[in-house]
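Asks: Take a look at the following structure, please.
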Amino acid sequence: MMANTPQITDLIASDGFEIHPADETAILEEMAHYERPQAACIEALKIVQRRHGWVPDGAIAAIARVLGVGPGEVEGVATFYSLIFRQPVGRHVLLVCDSSACFLTGFDELKQALVNQLGIDYGQTTGDGRFTLLPVCCLGACDGAPALMIDDDTYGPVSPDDLPGLLEGYP
Amino acid sequence: MSQTMSSQRDSLRYRSRLLQPEAERHPDTHPLTWRLRDDGEVVWLEEYLRKDGYQAVRQALDEGDPQSVIANMKEANVRGRGGAGFSAGLKWSLTLQGGDMPRGYLICNADEMEPGTFKDRLLMEQQPHLLIEGMILGALANNCFYGYIFLRGEYVESSRVLNRALEEARKAGWLGADINGSGFDFDIVVHTGAGRYICGEETALINSLEGKRANPRAKPPFPGQSGAWGKPSVVNNVETLCNVPAVILNGADWYQALSGDRTNDGGSKLYGISGPVEKPGLWELPMGTTGGEILDRAGGMRGSSQLKAWLPGGASTGFLLPEHLDLPLDFDTVGKEGSRLGTGLLTVVPKERSMVALMRNLEEFFARESCGWCTPCRDGLPWTVKLLLALEQGEGEEGDIELLDKLAADCGPGLTFCAHAPGAAMPLQTALKHFRYEFEQGVSKPRGKAHQDPIPVGEV
């Protein structure tokens, strides 16, 4: 990029947010897998999210600069995909499957038990910042329904009685 | 962490499994699963090679005739296992290649999110090299220089297994430049998503692959003419691609014969069943196996439950009744009954469950997962949710059911860019057809006296 040619991405504040050098390297590596850098957008958002837990406002402009696209493009993508978080989440994200197979095998009871034990509903985070609860598309674990996911781990079938022991594993 | 706690976590951990022992699975009858191990461990390269792995690629590269690969696939009539049932060979024959046309992309649709579907996960997590081999053959046939496995982000284990397998294949010379001295170049990368059911629609998938919002594209041009970055691109489901090696090795006639005289559709199929049955699971069975045989394999309905209705292949297929259990589950037969084979993984509904509540659950799913591109889908689906919620609570008004009919008709084929809205309409229309009285029981108010609250757009 020419130093004397201001780009739109330079004019958008990144709120002092800086992409961690290791993350920038990872994003550049991802970009090499595609014909155009923009294709690494979702992965770039995921890389930043892995470090910060979510995607802060400033990261949008910072990622846009690395990819060489407008920040509006990146924000459009960030807000479209359900597993990119544009607001802070808990240390652990709990995705509960609400699709048909789970619905027919105890989802309502499992969801209610989660709400009771965590004291939160969808889109909320526990006061101690430990869990965020979200619904998710069919987890493809229907022979183990009802199923849920905590961070990278998929569980099922899970009964309400299993929850205390299961949640304990995620301090 | 205490030992009991971690062992409880381990016992609850979900593991993909096939409910068919090795003794029942043979190379000549179970092309998709005969190599799978009873212990559920991954079949890595060494074992895959020992079990005839990469023989089909070796043969096709030696022959060096992509057109014969396509002809074989066309003749075998391998119909798309992602749910649409379009002939993979026909799709391949329409890919632009030759002349000045640049080499394109082979994209594996591994965005398995159709509610009730858990088959591609098994193939990827336990037998990654079969998919890789199928992709190499697809690439050879369609003149693709690069491949992507578009994998849903939640399939963390699949990603781990696939990446290790790709590394193995690269080291052994099955991927990369000049594959085992053939002069053919091809490599594969795993591209993981970040949620949204719509990514499974092939043109939305391509937008997502390009790093954009997953809105579908207008067709034509079809991906085979202009797909990822304007290049010819072929999108095939995991199970479809896993069928290719055996078709190439054994031929189209053999493949056709796998289904015997059950159906005109050849081959075998990963069938499964979930919901309240004794043993929900997954089996590789001849194409055209009946719903009754699959329900029997699952040990029947759980406890004293009785079957009321079933979905043959995911949330976007139409409800069938117990009387349909004797039908061969192939694309055309199920289509004639006003449903679709879809992914071929059955979901059963027991007598005691309300169809209105189940439809509310299904439409909440479709409303939430609409990408928002087309009006009937974006606005119509939340409206159906609102009506279904009211009916479920016995708070519906006169005219609601006719309105549901209308909203579903407005989502019909051809009225929106992609198949999401028609997929949302089909279960609703068939539920209204077979179980209308259940919906009628939810009407308690005269016209104009219910639904004072706004439509919950953005809340479902």
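The values are calculated or read from the model by the stated rules, or taken from the named source; none is laboratory data. Nothing here was measured: the structure is a model prediction, and the numbers come from that model. Every residue, glycine as well, gets a Cβ built from its backbone with ideal geometry; the counts of neighbours run over all protein chains shown.
Asks: Quick check on segment B:127-145: of everything there that is more than 14 Å from B:Leu166 (Cβ to Cβ) and more than 14 Å from every other protein chain (Cβ to nearest Cβ), which residue is surrounded by the fewest Cβ atoms within 10 Å (Cβ to Cβ)? Show your work before the answer.
Replies: Here is the first cut: in segment B:127-145, the ones more than 14 Å from B:Leu166 (Cβ to Cβ) are B:137-138, B:140-145.
Filter once more, keeping what is more than 14 Å from every other protein chain (Cβ to nearest Cβ): B:137-138, B:140-143.
Values: B:Leu137: 25, B:Gly138: 26, B:Leu140: 24, B:Ala141: 28, B:Asn142: 26, B:Asn143: 20.
If we take residues in segment B:127-145 being more than 14 Å from B:Leu166 (Cβ to Cβ) and more than 14 Å from every other protein chain (Cβ to nearest Cβ), then B:Asn143 is surrounded by the fewest Cβ atoms within 10 Å (Cβ to Cβ).
Asks: If you don't mind, there's one more thing I want to ask. Just name the residue that is farthest from the other protein chains (Cβ to nearest Cβ) out of those in segment A:146-157 that are assigned to a loop (DSSP other than H, G, I, E, B) and touching a strand residue (DSSP E or B) at 6+ places or on another chain (Cβ under 6 Å). Don't jump to the end; show me each part of the working.
Replies: Step one: of segment A:146-157, the residues assigned to a loop (DSSP other than H, G, I, E, B) are A:146-147, A:151-152, A:156-157.
Next, only the ones that are touching a strand residue (DSSP E or B) at 6+ places or on another chain (Cβ under 6 Å) stay: A:147, A:151.
Values: A:Ala147: 6, A:Asp151: 9 Å.
Restricting to residues being assigned to a loop (DSSP other than H, G, I, E, B) and touching a strand residue (DSSP E or B) at 6+ places or on another chain (Cβ under 6 Å), the top hit is A:Asp151.
Asks: In segment B:152-192, what count of residues is obtained for those that are touching a Leu at 6+ places or on another chain (Cβ under 7 Å) and not in a helix (DSSP H, G or I)?
Replies: Of the residues in that region, 12 qualify.
Asks: Further question on the same structure: If we keep just the residues of segment B:336-371 that are more than 9 Å from chain A (Cβ to nearest Cβ) and free of Cβ contacts under 8 Å to residues at least 60 places away in the same chain, which is farthest from B:His324 (Cα to Cα)?
Replies: Narrowing segment B:336-371 to residues more than 9 Å from chain A (Cβ to nearest Cβ): B:336-344, B:346, B:351-352, B:354-356, B:359-360, B:363, B:366-367, B:370.
Subsequent filtering for residues that are free of Cβ contacts under 8 Å to residues at least 60 places away in the same chain retains B:336-337, B:351-352, B:360, B:366.
On the way: B:Lys336: 11, B:Glu337: 9, B:Lys351: 16, B:Glu352: 19, B:Arg360: 24, B:Phe366: 26 Å.
That would be B:Phe366.
Rundown of residues vs (1) surrounded by fewer than 22 Cβ atoms within 10 Å (Cβ to Cβ); (2) closer than 23 Å to B:Cys371 by Cα, yes/no style:
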{"position": "A:Glu75", "(1), (2)": "yes, yes"}
{"position": "A:Ala78", "(1), (2)": "no, yes"}
{"position": "A:Gln87", "(1), (2)": "yes, yes"}
{"position": "A:Leu104", "(1), (2)": "no, no"}
{"position": "A:Gln117", "(1), (2)": "yes, no"}
{"position": "A:Ile120", "(1), (2)": "yes, no"}
{"position": "A:Asp128", "(1), (2)": "yes, no"}
{"position": "A:Cys138", "(1), (2)": "no, yes"}
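Asks: Still on this structure, I have one more. Determine if segment B:168-176 includes at least one residue that is in contact with a helix residue (DSSP H, G or I) (Cβ under 8 Å, 6 or more places away or on another chain) and at positive phi.
Replies: Taking segment B:168-176 first, the residues in contact with a helix residue (DSSP H, G or I) (Cβ under 8 Å, 6 or more places away or on another chain) are B:168-169, B:172-176.
Add one more test, that the residue is at positive phi, and what stays is B:173, B:176.
Looking through segment B:168-176, at least one residue is in contact with a helix residue (DSSP H, G or I) (Cβ under 8 Å, 6 or more places away or on another chain) and at positive phi.
Asks: Moving on. Tell me, which residue of segment A:118-145 that is touching a strand residue (DSSP E or B) at 6+ places or on another chain (Cβ under 9 Å) and without any contact (Cβ under 8 Å) to a residue 12 or more places away in the chain is nearest to B:Gly200 (Cα to Cα)?
Replies: Let us first name the residues in segment A:118-145 that are touching a strand residue (DSSP E or B) at 6+ places or on another chain (Cβ under 9 Å), namely A:118, A:120-126, A:130-145.
With the extra rule that they be without any contact (Cβ under 8 Å) to a residue 12 or more places away in the chain, the set shrinks to A:123-124, A:140, A:143.
On the way: A:Gly123: 25, A:Gln124: 28, A:Gly140: 14, A:Asp143: 21 Å.
For segment A:118-145, the residue satisfying everything is A:Gly140.
Asks: Here's a follow-up. Would you say B:Ile273 is within 14 Å of chain A (Cβ to nearest Cβ), under 20 Å from B:Glu352 (Cα atoms) and not in a loop (DSSP other than H, G, I, E, B)? If you could, list the steps in order and put the result at the bottom.
Replies: Values: within 14 Å of chain A (Cβ to nearest Cβ): yes; under 20 Å from B:Glu352 (Cα atoms): yes; not in a loop (DSSP other than H, G, I, E, B): yes.
The answer is yes for B:Ile273.
Asks: Which members of segment B:426-440 meet the condition of being in contact with a helix residue (DSSP H, G or I) (Cβ under 7 Å, 6 or more places away or on another chain), among the aromatic types (Phe, Trp, Tyr) and either in a helix (DSSP H, G or I) or in the same structural domain as B:Glu202 (by TED's automatic domain parsing) (or both)?
Replies: Correct list: B:Phe439 only.
Asks: Taking A:Leu114, is it part of a helix (DSSP H, G or I) and within 15 Å of A:Ile150 (Cα to Cα)?
Replies: On the way: part of a helix (DSSP H, G or I): yes; within 15 Å of A:Ile150 (Cα to Cα): yes.
In short, yes.
Asks: Among the residues of segment A:68-102, how many are part of a helix (DSSP H, G or I), touching a residue at least 40 places away in the same chain (Cβ under 8 Å) and at the interface with chain B (Cβ under 8 Å from one of its Cβ atoms)? Break it down stepwise before answering.
Replies: Restricting attention to segment A:68-102, the residues satisfying the condition of being part of a helix (DSSP H, G or I) are A:71-80, A:100-102.
Restricting the remaining residues to those that are touching a residue at least 40 places away in the same chain (Cβ under 8 Å) gives A:71, A:101-102.
From the residues that got through so far, the ones that are at the interface with chain B (Cβ under 8 Å from one of its Cβ atoms) too are A:101.
Residues that pass the stated criteria total 1.
Asks: Of the residues in segment A:18-67, how many are outside any helix (DSSP H, G or I), surrounded by fewer than 22 Cβ atoms within 10 Å (Cβ to Cβ) and within 14 Å of chain B (Cβ to nearest Cβ)?
Replies: Within segment A:18-67, the first condition is being outside any helix (DSSP H, G or I), and the residues that meet it are A:18-20, A:32-36, A:53-56.
From what is left, the residues that are surrounded by fewer than 22 Cβ atoms within 10 Å (Cβ to Cβ) are A:18-20, A:32-36, A:53-54, A:56.
Narrowing the set further to residues that are within 14 Å of chain B (Cβ to nearest Cβ) leaves A:32-36, A:54.
Of the residues in segment A:18-67, 6 are outside any helix (DSSP H, G or I), surrounded by fewer than 22 Cβ atoms within 10 Å (Cβ to Cβ) and within 14 Å of chain B (Cβ to nearest Cβ).
Asks: Taking the criterion of being touching a residue at least 60 places away in the same chain (Cβ under 8 Å), under 15 Å from B:Gln127 (Cα atoms), assigned to a loop (DSSP other than H, G, I, E, B) and within 24 Å of the chain's Cα centre (by Cα), would at least one residue in segment B:5-17 satisfy it?
Replies: The first filter runs over segment B:5-17 and keeps only residues touching a residue at least 60 places away in the same chain (Cβ under 8 Å), leaving B:16-17.
From what is left, the residues that are under 15 Å from B:Gln127 (Cα atoms) are B:16-17.
Subsequent filtering for residues that are assigned to a loop (DSSP other than H, G, I, E, B) retains B:16-17.
Narrowing further to those that are within 24 Å of the chain's Cα centre (by Cα): B:16-17.
Yes, segment B:5-17 contains at least one residue that is touching a residue at least 60 places away in the same chain (Cβ under 8 Å), under 15 Å from B:Gln127 (Cα atoms), assigned to a loop (DSSP other than H, G, I, E, B) and within 24 Å of the chain's Cα centre (by Cα).
Asks: Right, here's the next one. Within the bounds of segment B:124-143, is there any residue that is of a type outside the set (S, T, N, Q) and not in a helix (DSSP H, G or I)?
Replies: The initial filter retains those residues of segment B:124-143 that are of a type outside the set (S, T, N, Q), namely B:124-125, B:128-141.
Subsequent filtering for residues that are not in a helix (DSSP H, G or I) retains none.
There is no residue in segment B:124-143 that is of a type outside the set (S, T, N, Q) and not in a helix (DSSP H, G or I).
Asks: Is there a residue being under 17 Å from the mean Cα position of the chain (by Cα) and assigned to a loop (DSSP other than H, G, I, E, B) anywhere in segment B:300-312?
Replies: Scanning segment B:300-312 turns up at least one residue that is under 17 Å from the mean Cα position of the chain (by Cα) and assigned to a loop (DSSP other than H, G, I, E, B).
Asks: If B:Glu239 passes every condition in (1) of a type in the set (Asp, Glu); (2) more than 30 Å from A:Cys102 (Cα to Cα); (3) in a helix (DSSP H, G or I) but one, which one does it miss?
Replies: (2)
Asks: Right, here's the next one. On the given criteria, is B:Val43 hydrophobic (A, V, I, L, M, F, W, C), over 17 Å from the mean Cα position of the chain (by Cα) and in a loop (DSSP other than H, G, I, E, B)?
Replies: Judged against the criteria, B:Val43 is a match.
Asks: If you scan segment B:257-299, which residues turn out to be closer than 25 Å to B:Val57 by Cβ and surrounded by fewer than 18 Cβ atoms within 10 Å (Cβ to Cβ)?
Replies: B:Ala257
Asks: Out of all the residues in segment B:189-209, is one or more without any contact (Cβ under 8 Å) to a residue 40 or more places away in the chain and within 13 Å of chain A (Cβ to nearest Cβ)?
Replies: There is at least one residue in segment B:189-209 that is without any contact (Cβ under 8 Å) to a residue 40 or more places away in the chain and within 13 Å of chain A (Cβ to nearest Cβ).
Asks: Taking the condition of being crowded, with 16+ Cβ neighbours inside 10 Å and in a loop (DSSP other than H, G, I, E, B), how many residues in segment B:59-83 meet it? Step through it out loud before you land on a result.
Replies: In the first step, residues of segment B:59-83 are kept if they are crowded, with 16+ Cβ neighbours inside 10 Å; the result is B:60-61, B:66, B:69-83.
Then drop every residue that is not in a loop (DSSP other than H, G, I, E, B), which leaves B:77-78, B:80-83.
Number satisfying all stated conditions: 6.
Asks: Right, here's the next one. Within segment B:390-421, can you find the residues that are touching an Asp or Glu at 6+ places or on another chain (Cβ under 8 Å), under 29 Å from B:Pro446 (Cβ atoms) and not β-branched (Val, Ile, Thr)?
Replies: B:Ala390, B:Leu391
Asks: Next question. Can you find a residue in segment B:276-290 that is among the acidic types (Asp, Glu) and either over 21 Å from the mean Cα position of the chain (by Cα) or at positive phi (or both)? Show your work before the answer.
Replies: Applying the first criterion (among the acidic types (Asp, Glu)) to segment B:276-290 yields B:278, B:284.
Next, only the ones that are either over 21 Å from the mean Cα position of the chain (by Cα) or at positive phi (or both) stay: B:278.
Looking through segment B:276-290, at least one residue is among the acidic types (Asp, Glu) and either over 21 Å from the mean Cα position of the chain (by Cα) or at positive phi (or both).
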